[in-house]
1. Being touching a strand residue (DSSP E or B) at 6+ places or on another chain (Cβ under 6 Å), within 22 Å of residue 369 (Cβ to Cβ) and buried (at least 19 other Cβ atoms within 10 Å of the Cβ), is that true of even one residue in region 263-274?
2. Residues in region 248-279 that are within 15 Å of residue 295 (Cα to Cα), in contact with a helix residue (DSSP H, G or I) (Cβ under 9 Å, 6 or more places away or on another chain) and either in a loop (DSSP other than H, G, I, E, B) or in contact (Cβ under 8 Å) with a residue 60 or more places away in the chain (or both): how many?
3. Could you check how many residues of region 297-352 are under 24 Å from the mean Cα position of the chain (by Cα) and in a loop (DSSP other than H, G, I, E, B)?
4. Looking at residue 355 and the list (1) in a helix (DSSP H, G or I); (2) more than 20 Å from residue 209 (Cβ to Cβ), which single condition is not satisfied?
5. When region 275-332 is examined, which residues are found to be surrounded by 19 or more Cβ atoms within 10 Å (Cβ to Cβ) and at positive phi?
6. Hey, could you check region 110-133 for residues that are over 20 Å from residue 49 (Cα atoms) and in contact with a helix residue (DSSP H, G or I) (Cβ under 9 Å, 6 or more places away or on another chain) and say which is surrounded by the fewest Cβ atoms within 10 Å (Cβ to Cβ)?
7. Among the listed residues 212, 240, 230, which satisfies the condition of being surrounded by 15 or more Cβ atoms within 10 Å (Cβ to Cβ) and free of Cβ contacts under 8 Å to residues at least 40 places away in the same chain?
8. Anything in region 209-228 that is out of contact with any helix residue (DSSP H, G or I) (no Cβ under 6 Å at 6 or more places or on another chain) and within 24 Å of residue 376 (Cα to Cα)? List them, or say none.
């Protein structure tokens with residue numbers, strides 16, 4: 001495996017800090033602002049120099065304040081939207097999809113207004129206050145920067161830097177009280193006011209059917225859920241089994257309907273010509289019949305699922321196969337996240353985020369019928385992919401189970417990197 005290692009991101013900045021203040025300030029920059037900016041650049045406080053050293057050198061030679069202003073705008077853009085080559089990564093994702101791999105990685109880019117930055121400079125704002133709106137609120141940002149600055153191993157240094165850039169591209173809000181699943185760590189965490197309340201294991205999507213990386217809002221919980229088999233899973237897995245074994249649906253407590261509605265009329269599976277839906281003609285069309293696994297003690301979703309509506313049709317849920325949590329590697333699902341302690345999460349959410357007590361929710365559990373629990377306060381849910389994570393001041397590293405470490409390239413000039421073969 002090859003790693004591109006950023007070794008000299010901040011090297012050289014200190015060479016031109018002295019003597020800059022007070023020389024040809026122009027209309028927008030004060031000496032205090034310029035001094036503050038170069039202190040930020042010297043330390044690379046926000047880990048956003050990335051590809052900007054040539055511009056720094058250009059300003060050193062010319063003392064042109066227009067270049068200095070452009071440097072600030074570019075530094076802000078790197079802070080807001082990271083230094084990952086997004087276009088090459090999107091191309092790599094498309095190549096994976098062409099191979100039949102289900103994969104998605106959401107980038108939450110922010111708009112940076114150069115006019116707004118120039119106006120704030122002219123008004124005398126500090127550089128810190130100009131940058132502040134774009135500083136990631138995800139609590140891992142500064143711990144990862146500190147870990148990067150103290151790391152010795154070039155391989156680890158690069159991996160930390162890559163994850164700093166990932167943090168910049170996460171959703172900018174919803175980081176005070178939130179649920180987070182870190183996919184390569186196979187870990188669930190629930191934070192309230194940035195204090196960790198719950199933590200346990202999860203099972204995530206297999207490499208060929210990956211858990212998507214994105215953010216949403218948890219809105220309700222389904223107790224004794226049915227499993228509405230998505231069309232893509234039906235084509236790849238369920239329909240071939242039905243064709244091979246006509247008793248498959250009955251033995252797995254599954255029914256066929258025209259839609260996913262619980263009250264929708266049931267269709268006789270023998271009346272359906274299943275083979276036609278495996279043809280290329282139906283590859284990208286919605287299937288006219290839906291396969292549903294009914295609620296039961298053997299249901300693949302277990303007793304409860306936690307819903308945060310999204311276009312990927314993934315959610316967090318219970319499982320009746322608890323033995324899989326004994327494995328260190330836990331990428332076994334079709335993209336949904338199976339929780340080690342779903343009832344503990346159910347009780348916590350019921351007592352704090354709904355109008356129902358846990359006793360009332362427990363009654364729904366005992367009823368054995370499908371029921372719903374609405375959240376009065378929605379909870380942000382962040383599905384992230386961090387192969388470096390800092391906890392209690394110690395950085396931990398995780399395997400790149402989906403290959404994103406290799407697919408995401410940093411925008412760093414060739415003169416600033418080495419390749420470790």
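The values are calculated or read from the model by the stated rules, or taken from the named source; none is laboratory data. It should be emphasised that the depicted structure is a prediction, and the values quoted were computed from it without experimental measurement. All Cβ positions, glycine included, derive from the backbone under ideal geometry; neighbour counts span all protein chains shown.
1. Our first condition is that a residue be touching a strand residue (DSSP E or B) at 6+ places or on another chain (Cβ under 6 Å); within region 263-274, this holds for 264, 266-267, 269.
From what is left, the residues that are within 22 Å of residue 369 (Cβ to Cβ) are 264, 266.
Pick out the ones that are also buried (at least 19 other Cβ atoms within 10 Å of the Cβ) and you get none.
No: region 263-274 contains no residue that is touching a strand residue (DSSP E or B) at 6+ places or on another chain (Cβ under 6 Å), within 22 Å of residue 369 (Cβ to Cβ) and buried (at least 19 other Cβ atoms within 10 Å of the Cβ).
2. Within region 248-279, residues that are within 15 Å of residue 295 (Cα to Cα), in contact with a helix residue (DSSP H, G or I) (Cβ under 9 Å, 6 or more places away or on another chain) and either in a loop (DSSP other than H, G, I, E, B) or in contact (Cβ under 8 Å) with a residue 60 or more places away in the chain (or both) number 1.
3. Residues flagged as under 24 Å from the mean Cα position of the chain (by Cα) and in a loop (DSSP other than H, G, I, E, B) within region 297-352 amount to 20.
4. (1)
5. 302
6. Within region 110-133, the match that is surrounded by the fewest Cβ atoms within 10 Å (Cβ to Cβ) is 124.
7. None of the others qualify; the one that does is 240.
8. Listed by number, the residues that qualify are 214, 215, 216, 217, 218, 219, 220, 221, 222, 224, 225, 226.
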